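This report refers to the structure that appears directly beneath it.
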Amino acid sequence: MDARNERERLLDAEREEDDDPTGLMAEQDAYLSKVKNRKLYLATFVSVLGPMSFGFVLGYSSPVIPELSRSSDPRLRLDEAQASWFGSVVTLGAAAGGLLGGWMVEKAGRKLTIMLSTLPFVFGFTVIVAAQNVWMFYFGRLLTGLASGVASLVVPLYIAEMAHERVRGTLGSCVQLMVVLGIMGVYLAGLFMGWRWLAVCSSIPPTLLLTSMCFMPETPRFLLSRGRRREAEEALRFLRGPDAPVEWECARIEDACDEQGSSFLASDLKDPGVYKPLAIGISLMVFQQMTGINAIMFYAQNIFEQAHFKESDLASVIVGLIQVVFTAVAALVMDKAGRKVLLIISGVAMAISTAAFGVYFYLMSRLHAGSAAEDPHADLAWLALASISVFIAGFALGWGPIPWLVMSEIFPVKARGFASAACVLTNWGMAFVVTKSFHDMMTLLTNAGTFWLFSSMCVVNVVFTVAFVPETKGRTLEQIEATFRGTSGP
C-alpha cells in the first residue's frame, strides 16, 4: 500500500509539472545527478559481446573466400557462385533471426534472448570447423547468421531499455563499435590463421557472453510491462547505483506502460505512435543497406584485388581499423552532436567517396583498354584505398550505428518486439539482395556504374534524413514515444 501511495504521489507531481517543462527537467537532472553508471557500463559491455560475435561472422568471409577459392581439397574449394553464397547466406539466416528474435524478446525477455542467441553462434562455427564439404559451410554460415539476426535485434533493445537519456546514445553506439571491432579482429587474425582456426577464435566471444550474461539483470521496462515491479526496482538499483531514488524512474516508466497496455494487437498499427516510427525504422534499414556497405565489407579483399591493390589483405585490415576509429568517434559525440547531424555528415561523405570509387574504376577501364603497360593501375591505386576508406569512415560515423540506435529508441514498449523484428528482417533481407546481386551488378552496370548507384542512394539517404528522421538525443524513451502520439508525455 505504501508503494502504491508513493507511486500516486510521484505521478501527481509529474502531472503538475506537465505545464512546467523547466521544473520537470530540473527534477530529471536532480535524479540523474545521484546515478552511478559503473554497473550500467558493465551490463552494456557484457551484452555487446553479441554484436562482436556477429562482427566476426560478417568479417569471416573476407579473408576466408580467397583462401577457400584456392583450396587444394576439391570438396572445400569454392567457385565464384559458391563464394557468393558463402558470403550472402548469412543474411538469409539473419533475416530469419530477426523474426525469431522479435518473438523471443516478448516471450522470453531481453536477457534470456541474448543468452539463447549464443547457441547458434557456437554451434555454427563448430560446423564450419568440422566442414567436409561446401554444404557444411553453408549450414554453419546459416546458423551464425540466425544468431546474428537475433543479436542485432535484442542487444540494441536491451541497452536502450537499461540506459538513461544522458548516455543512451553513447552506449547504443557501442553496438556498432563492437561489430566493427569483431570485423577488424577477424581481418587481423586472417593474416595469421587458416579458416579452421579462424572459426575457432570466432566462437570465443559468444561463449564469454553466455557465461557473463547470467549475472546481468533483465531490463526494468520489460519487467514493468509484465507487472513485475519489485524485480524492476531491483534491476534499476543495480543499474543506477544505491543512491538513486529509483522509485521515481520506476513510476514514470510504469505510467507509460499503463497508458499503452501490455500486449501488441494488429489494430495498434493504426496508432500514429506505432506506424510513424515503424515507417521511419524500416526506411532507415533499407537506406542503410542500399549504401552497399555489406557488399563492400563481405568482399573487401576481392574488391581490392579487382582494383589491383597489391596488398589486398593488408588493405582490408586498414579499412577495418578506420571503421573502428570512426565508430568510436561517433560513440563519443553521439549524445552531443545528435543523431540527425551525424546521419547527414555520414551520407554526404559516403556519396562523395562512392562516386570517387566509381571514377577510379571508370579510369582504370579506360587505361586498361588503351595502355600496353604491364600495370596501368599502379599510379591510381591510392584512389581506391582513399575512396573506400572515406566511405567506411563516413558509414561508421552515422549510417552504421544510428539506424540501430534509433530503432531501439522510437518504438513503444508493447510494439518493440514486432516493430524491431520488422526492421531487422528488412535490414538483413536487403543485405541479402545487395550482397547476392553484387557480382551481377558489377557485371551488368560495370564496376563504376555499381558504385555510382550506391552514391546516388547515399544522396537519397541525406534527403530522407532531413525530411523525416526525428532527433532523439537527451530525451527519455517515454518522451520520444509521446512525440509520435502527439501528446506531451511524461
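Numbers below:
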| item | result |
| --- | --- |
| Conditions (1) touching a Gly at 6+ places or on another chain (Cβ under 9 Å); (2) within 28 Å of Glu218 (Cβ to Cβ): number failed by Gly190 | (2) |
| Wholly enclosed helices (runs of 4 or more DSSP H) of the range 263-368 bearing at least 1 residues out of contact with any Pro (no Cβ under 8 Å at 6 or more places or on another chain) and at pLDDT 90 or above | 272-290, 312-337 |
| Residue within the range 113-124 that is of a type in the set (S, T, N, Q), in contact with a helix residue (DSSP H, G or I) (Cβ under 6 Å, 6 or more places away or on another chain), surrounded by 20 or more Cβ atoms within 10 Å (Cβ to Cβ) and more than 30 Å from Glu231 (Cβ to Cβ) present | no |
| Residue pairs meeting the criteria (Cβ under 9 Å; at least 6 apart or on separate chains; first basic (Lys, Arg), in the range 423-452; second at pLDDT 85 or above and not in a helix (DSSP H, G or I)) | none |
| Matching residues in the range 401-414 - criterion: being buried (at least 24 other Cβ atoms within 10 Å of the Cβ) and part of a helix (DSSP H, G or I) | Ile402, Pro403, Trp404, Leu405, Val406, Met407, Ser408, Glu409, Ile410 |
| Test: residue in the range 202-218 that is at pLDDT below 90, in contact with a helix residue (DSSP H, G or I) (Cβ under 6 Å, 6 or more places away or on another chain) and among the charged types (D, E, K, R) | no |
| Residue list for the range 191-229, filter: without any contact (Cβ under 8 Å) to a residue 12 or more places away in the chain, within 27 Å of Ile296 (Cβ to Cβ) and within 25 Å of the chain's Cα centre (by Cα) | Ile204 |
| Matching residues, the range 432-454, being surrounded by 15 or more Cβ atoms within 10 Å (Cβ to Cβ), at pLDDT below 85 and under 14 Å from Tyr362 (Cα atoms) | Met442, Asn447 |
| Selection from the range 125-138 of residues that are under 17 Å from Ser69 (Cβ atoms), touching a residue at least 60 places away in the same chain (Cβ under 8 Å) and surrounded by fewer than 20 Cβ atoms within 10 Å (Cβ to Cβ) | none |
| Which numbered condition Met162 misses (of (1) surrounded by fewer than 19 Cβ atoms within 10 Å (Cβ to Cβ); (2) under 21 Å from Arg475 (Cα atoms)) | (1) |
| Residue match in the range 24-35 (condition: in a helix (DSSP H, G or I), at pLDDT below 85, exposed (fewer than 14 other Cβ atoms within 10 Å of the Cβ) and of a type in the set (S, T, N, Q)) | no |
| Residue in the range 139-149 that is surrounded by 18 or more Cβ atoms within 10 Å (Cβ to Cβ), in contact with a helix residue (DSSP H, G or I) (Cβ under 7 Å, 6 or more places away or on another chain) and not in a helix (DSSP H, G or I) present | no |
| Condition check for Ala422: within 15 Å of the chain's Cα centre (by Cα), closer than 13 Å to Met285 by Cα and either surrounded by fewer than 23 Cβ atoms within 10 Å (Cβ to Cβ) or at pLDDT 90 or above (or both) | yes |
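Condition check ((1) modelled with pLDDT under 90; (2) in a loop (DSSP other than H, G, I, E, B); (3) more than 25 Å from the chain's Cα centre (by Cα); (4) among the aromatic types (Phe, Trp, Tyr)) across all residues:
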residue: Ala189; (1), (2), (3), (4): yes, no, no, no
residue: Glu231; (1), (2), (3), (4): no, no, yes, no
residue: Arg237; (1), (2), (3), (4): no, no, yes, no
residue: Trp248; (1), (2), (3), (4): yes, no, yes, yes
residue: Cys257; (1), (2), (3), (4): yes, no, yes, no
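Residues checked against (1) basic (Lys, Arg); (2) assigned to a helix (DSSP H, G or I); (3) within 26 Å of Arg166 (Cα to Cα):
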| site | (1), (2), (3) |
| --- | --- |
| Leu425 | no, yes, no |
| Ala431 | no, yes, no |
| Thr435 | no, yes, no |
| Phe454 | no, yes, no |
| Val466 | no, yes, yes |
| Glu471 | no, no, yes |
| Phe484 | no, yes, yes |
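The values are calculated or read from the model by the stated rules, or taken from the named source; none is laboratory data. Predicted, not measured: the structure shown is a model, and the values here were computed from it. Ideal geometry is used to build each Cβ from the backbone, glycine not excepted, and the neighbour counts take in all protein chains shown.
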